[in-house]
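The values are calculated or read from the model by the stated rules, or taken from the named source; none is laboratory data. Please read these numbers as outputs of a predicted model, since none were measured by experiment. Cβ placement follows ideal geometry from the backbone for every residue including glycine, while neighbour counts extend to all protein chains displayed.
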Amino acid sequence: MQNIEIDIRGQVCPSTLLFALKEINAHNGELRDKSVILSFLTDNRDAVVTIPESASNMGYAVSVTKREGYYVIEVRKD
Amino acid sequence: MGLAAGLASGVVMHRSDFCIAGMFRDLILFRKAVMIRMLFLLVITSMILFEIARQAGFLPLYPFPLLYPPTPANLIGGFLFGIGMVLAGGCVVGTLYRMGAGSVLSAVAFGGLIGGSALYAEVHPSWSAFVKATTFFPGKITIAQVSGVDPIIPLAAVSAAGLFVLFRWQRQGLLVRRAAVQGYLQPWKAAIALSLTSTASYVLVGMPMGITSSFVKIGGYIEQAIFPAHMEGLSFFKAVSLKYTYPLTGVYLQGGPGPVADALAVIQFPIVAGIIIGSAVSAVSLKEFHLHFRVPAKQYVSVLAGGVIMGLASRMAPTCNVWHLLGGLPILSISSILFLGGLFPGAWIGGLILSRVVLSARPGMEEAEGKLQCKI
């Protein structure tokens, strides 16, 4: 399984969420056949709330982990 | 005192990400209403707290100073302000707390705010003539004044209806937000805390919290240093908008937009500094303070333009969203209601510009938006 890392640190609201949605849609097929996991790196606290909300509403499994100074939001299909 | 209020607000807003620009934008762009409910809670709580304070005799200045009778300028200002705050990625306080937490883009927006505020001085003579010519109810500010009733009547009606709505939301669980972010403060708690701070400010200095006059002052200081001769000719910076003795404390307050250390400076600068420092402390304590400069260039342009528009609009409206939404709305000031009326279409236009031009995310966006709307 391939893990694609997308760095959206420092970006203005709500481009963080829009970028994430765009990427999720672009990799829709690969996410569904489980060949890909998307990892979003963000330092925007709002995005750490909104991206998981939206992704789980779209039917994906989401996990959030904190690294040094930023968050990693993993989106995958279970 | 102002510093303490600012510090507390900075921490609270950073932890809960209490972004007023985001509340309007997300409602319109993503049909997400959870955060705008928090603003509703904040307004209703402040309405009740202000009225209790007034009944108890703690608000001798009512309506408070620097609030004016309604004119279409409030609507136009609110509209432009709405566009600006969405492009800038935060309103006047949002920009401050984000900047404090290390957002480079918000620092650029802050620069735009200062520039836009100073730019207003150039159009002030013609704009103030327009305001004077179009004022609806000269000398009357609130709904109560215009309809000639005791303020408690409209306030009680609105807050009773508001409480009913809030109670229903609370029962449906619509006032809590699940979040995996560290140190998250539920935004409803932030709303209550901010309304308490606002009430404390109103009781202590005779006005709720305001910050944008200090942006004009900073702009004025800079302009004075660079173009002293031009500055000399600008009537706006010579105005004295505030002049009263506050009955509760007996302190004489005088001030205006000019770059001098007057009462407005003494009241507002500590609040501004407090918000930035409070948010910075909160971010550092969570180890989340990092500067990221590598951001698409379009976003730099967007936040700068948004900041300038917002700065300009905050003088045209006159005053910003904090003054109108957290101060004016709770006493049902008509100018604040008009400002709010302008904010919605403004945020909508701002959202369109942001998603189509700045992010050029249209092809994927429609799909994403469609999905979101179906699922939520």
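Numbers at a glance
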| item | result |
| --- | --- |
| Test: B:Ser360 is within 8 Å of chain A (Cβ to nearest Cβ) and at pLDDT below 95 | no |
| Filter result for the condition that a residue is modelled with pLDDT of 65 or more, out of contact with any Leu (no Cβ under 6 Å at 6 or more places or on another chain) and hydrophobic (A, V, I, L, M, F, W, C), over B:Leu338, B:Leu343, B:Leu372 | B:Leu343 |
| Near pairs, Cβ below 7 angstrom, 6+ apart or cross-chain, from region A:49-68 (facing another protein chain (nearest Cβ under 7 Å) and assigned to a loop (DSSP other than H, G, I, E, B)) to any residue that is surrounded by 18 or more Cβ atoms within 10 Å (Cβ to Cβ) and among the charged types (D, E, K, R) | A:Met58/B:Lys371 |
| Any chance B:Ala261 is more than 30 Å from A:Thr65 (Cβ to Cβ), small (Gly, Ala, Ser), more than 18 Å from the chain's Cα centre (by Cα) and assigned to a helix (DSSP H, G or I) | no |
| Leading residue by the ranking (nearest to the other protein chains (Cβ to nearest Cβ)) among those in region B:15-58 that are surrounded by fewer than 19 Cβ atoms within 10 Å (Cβ to Cβ) and small (Gly, Ala, Ser) | B:Ala33 |
| Extreme residue, surrounded by the most Cβ atoms within 10 Å (Cβ to Cβ), among residues of region B:279-306 that are hydrophobic (A, V, I, L, M, F, W, C) and outside any helix (DSSP H, G or I) | B:Val295 |
| Test: A:Ser15 is buried (at least 23 other Cβ atoms within 10 Å of the Cβ), without any contact (Cβ under 8 Å) to a residue 12 or more places away in the chain, on the phi < 0 side of the Ramachandran plot and not hydrophobic (A, V, I, L, M, F, W, C) | yes |
| Qualifying residues in region A:69-78 (those that are outside any strand (DSSP E or B) and under 16 Å from A:Ile24 (Cα atoms)) - the one nearest to the other protein chains (Cβ to nearest Cβ) | A:Lys77 |
| Residue that is farthest from the other protein chains (Cβ to nearest Cβ), among those in region A:3-28 that are touching a helix residue (DSSP H, G or I) at 6+ places or on another chain (Cβ under 7 Å), under 24 Å from B:Gly350 (Cβ atoms) and outside any helix (DSSP H, G or I) | A:Ile8 |
| B:Leu66 being buried (at least 23 other Cβ atoms within 10 Å of the Cβ) and either in contact with a Ser or Thr (Cβ under 7 Å, 6 or more places away or on another chain) or not hydrophobic (A, V, I, L, M, F, W, C) (or both) | no |
| Hits in region B:121-144 - residues which are assigned to a helix (DSSP H, G or I) and surrounded by 22 or more Cβ atoms within 10 Å (Cβ to Cβ) | B:Ala121 |
| Given (1) of a type in the set (S, T, N, Q); (2) modelled with pLDDT of 95 or more; (3) under 12 Å from B:Gly78 (Cα atoms), number of the condition B:Ser333 does not satisfy | (3) |
